[in-house]
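Here's the structure we're looking at; comments come further down.
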Amino acid sequence: MKLTNEVHIERDPAEVFATLLDVERVATCMPGSRLLGKVDDSTYEGEVKVKIGPLGVAYTGTVRFLEVDQEARTA
């Protein structure tokens, strides 16, 4: 299965990309997510809890930006 979606944002692309790289800010937009700590400038630890009906799961993990290209806006 392949899902695709497009969103058009009327903001400066560099500003949008910088916002997407702001892990602390983005985490607040995802229900059930919580940052547990910032290891360094490119590494964060966190958790996500999801409950659907009587079932609930919790995941913990690490987010790390291995490579960020500001000009190409890729990470």
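The values are calculated or read from the model by the stated rules, or taken from the named source; none is laboratory data. Computed from a prediction, not measured in an experiment: that's the story for all the values here. With ideal geometry, Cβ positions are generated from the backbone for all residues, glycine too; neighbour counts draw on all protein chains shown. Quick note on the areas: whole protein, heavy atoms, side chains included, nothing else; ligands and nucleic acids left out. Shrake-Rupley method; radii C 1.70, N 1.55, O 1.52, S 1.80 Å.
So if I place +1 on the C-beta of Lys and Arg and -1 on the C-beta of Asp and Glu, and nothing else carries charge, what would the dipole magnitude of the chain be about its Cα centre? I want it in debye, nearest 20.
560 debye
Given the -39500 (n - 2.57) contribution per DSSP H run of 4+ residues, what per-residue ellipticity at 222 nm results for the chain, rounded to the nearest 500 deg cm²/dmol?
One gets -4000 deg cm²/dmol as the mean residue ellipticity at 222 nm.
Ignoring ligands, DNA and RNA, what percent of the accessible area of the chain is carbon or sulfur (1.4 Å)?
So the carbon and sulfur contribution to the accessible surface is 54 percent.
For the chain, what number results from the quotient of the Cα radius of gyration and 2.2 N^0.38 Å?
1.32
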